[in-house]
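The values are calculated or read from the model by the stated rules, or taken from the named source; none is laboratory data. This one's a predicted model, so the numbers in the text were calculated from it and none came from an experiment. Here the Cβ positions follow ideal geometry from the backbone for every residue, glycine too, while neighbour counts run over all protein chains shown. SASA here: full protein model, heavy atoms, side chains in, ligands and nucleic acids out. Shrake-Rupley method; radii C 1.70, N 1.55, O 1.52, S 1.80 Å.
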Amino acid sequence: MFFSVVIPTYNRRSLLAKALQALEQQTYNAELLEGYEIIVVDDGSTDDTLSWLEANQKDLPHVRWFTKENTGPAAARNLGVEKATGDIILFVDSDLIATPHFLQGHAEALHRAYAQYGDDKVFTYGHCIETCNLEDPTHTPAKITDFSAAFFDTKNVAIAKHLLFEVGLFDTDFKGYGWHDLELGLRLKNIGVRLAKAPQAIGYHVHPPFTLEQLPYLVSKAIQRGKTGALFYKKHPTFAVRLMVQRTVFHWWLWGILSLWGQLNEKTMAPFLQWLIERGYSELALQCCSVFLNWYIVQGVRQSSIAEPELLGGQ
């Protein structure tokens, strides 16, 4: 097999540089993996991402890059798949730092799954560890909160390219943050594609240490996630999807009560969050933000939905 690693990126030049440097240092068994290429799709960045790629081309022998206007990660990933020459597509985020045996881990898991099931209707999901250690991310231990129950999370999955074309690639109606990968995963599941874990394909999902300056961005992402969640449910109006996007009376009351109906928000909680940050608990402070961020999500789902009182409890 030959891997095409597809990476969409938008204004992440410094993190993308670390991600590409790690991918250029892969070691693998040539009997399992013939080779690989890295397809970077710049989604209209304004931070000199393209200039950096051009200036460092000699140090990135596996990298090819393409650019497009900013229309979101779904369209960017589709362009990457269309330009890929490999028979296996490996999706990663532009802030994922791969370990040296990352590709080998996916290749081994795919071979095991193909032998087990007798076909290639399977994708592998690697292990992602969240970290804010920008200097040495690989020394971050795994945590319970790193677990994800998502069926198809594009920050670390590998799949046969023909299966993506069979279900029609990513839906480009999803232009904001969230759900476009899980929506594709639902279509893959409907044609019988299975998930296989690739625990040796370890990547470190890097983000800067949490500060109060990030709150406007996090709130914006939460609102977008609510809106795209409403779109996801409109396309797949099932109970399972309703639970995934938190479009239920239960979630409305849960996050409404926990946030005191919006009284606990990025402004009123700022002093407490700063107190935690100053004492070295930035990760805990970020977790505390889920109280009001989820309230923004359920409001985004509600405000973007076609009026269906039976689903929203008449709210």
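Computed values, structure above
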item: Longest segment of the chain lacking GluC sites (Glu not before Pro) that sit in a DSSP loop with at most 11 other Cβ atoms within 10 Å; result: 136-315
item: Exposure ranking of Ile223, Ile257, Ile129 by accessible area [1.4 Å probe, largest first]; result: Ile257, Ile223, Ile129
item: For the range 1-136: rounded, prolate or oblate by the Cα gyration tensor [a/c cutoff 1.5]; result: prolate
item: Full-extension gain in nm, Thr172 to Leu212, via 0.36 nm per residue minus C-alpha separation; result: 11.2 nm
item: Filter on Lys83/Lys197; Lys155/Lys221; Lys68/Lys175 - keep pairs with C-alpha separation over 21 Å; result: Lys83/Lys197
item: Per residue, in Å², the accessible surface of the range 77-150 once ligands and nucleic acids are set aside, probe 1.4 Å; result: 43
item: Cα gyration tensor category, rounded, prolate or oblate, for the range 30-90 with a/c compared to 1.5; result: oblate
item: Exposed-loop-free span, longest in the chain, where chymotrypsin sites (Phe, Trp or Tyr not before Pro) count as exposed if DSSP calls them loop and at most 12 other C-beta atoms lie within 10 Å; result: 1-146
item: Relative contact order (%) - criterion: Cα under 8 Å, at least six apart; region: the chain; result: 18
item: Cβ-defined net charge surrounding Gln303, 12 Å radius [Lys, Arg +1; Asp, Glu -1]; result: +3
item: Percent accessible area from carbon and sulfur atoms, the range 58-101, protein chains only, probe 1.4 Å; result: 54
item: Inter-label distance, nm, simple model (7 Å from Cα along the C-beta direction), Lys143/Lys234; result: 3.6
item: Prolate/oblate/rounded label for the range 172-262 (Cα gyration tensor, a/c 1.5); result: oblate
item: Cut-off of 10 Å, at most 12 other beta carbons, DSSP loop: longest stretch of the chain lacking such trypsin sites (Lys or Arg not before Pro); result: 1-142
item: Dipole of the chain, positive end: most advanced residue of His106, Val193, Leu134 [Cβ charges, Cα centre]; result: Val193
item: Potential lengthening between Leu260 and Tyr117 on full extension [0.36 nm per residue; Cα-Cα distance subtracted]; result: 46.5 nm
item: The range 248-296, accessible area per residue, ligands and nucleic acids excluded (1.4 Å, Å²); result: 58
item: The chain - charge dipole about Cα centre, Lys and Arg +1 at Cβ, Asp and Glu -1, debye rounded to 20; result: 940
item: Length released on extending from Ser220 to His62, taking residue separation times 0.36 nm less the Cα-Cα span; result: 53.4 nm
item: Dimensionless Rg over Rh [the chain; C-alpha; Kirkwood]; result: 0.97
item: Charge tally in the Cβ shell below 15 Å around Phe102, where Lys, Arg are +1 and Asp, Glu are -1, Phe102 excluded; result: -2
item: Sequence of Val249, Val5 from largest to smallest accessible area, 1.4 Å probe; result: Val249, Val5
item: Modelled FRET efficiency - R0 45 Å, Leu243 with Leu50, Cβ distances, 0.05 increments; result: 0.65
item: Whole-Å distance, taken between Cα centres, linking the range 287-303 and the range 109-172; result: 26
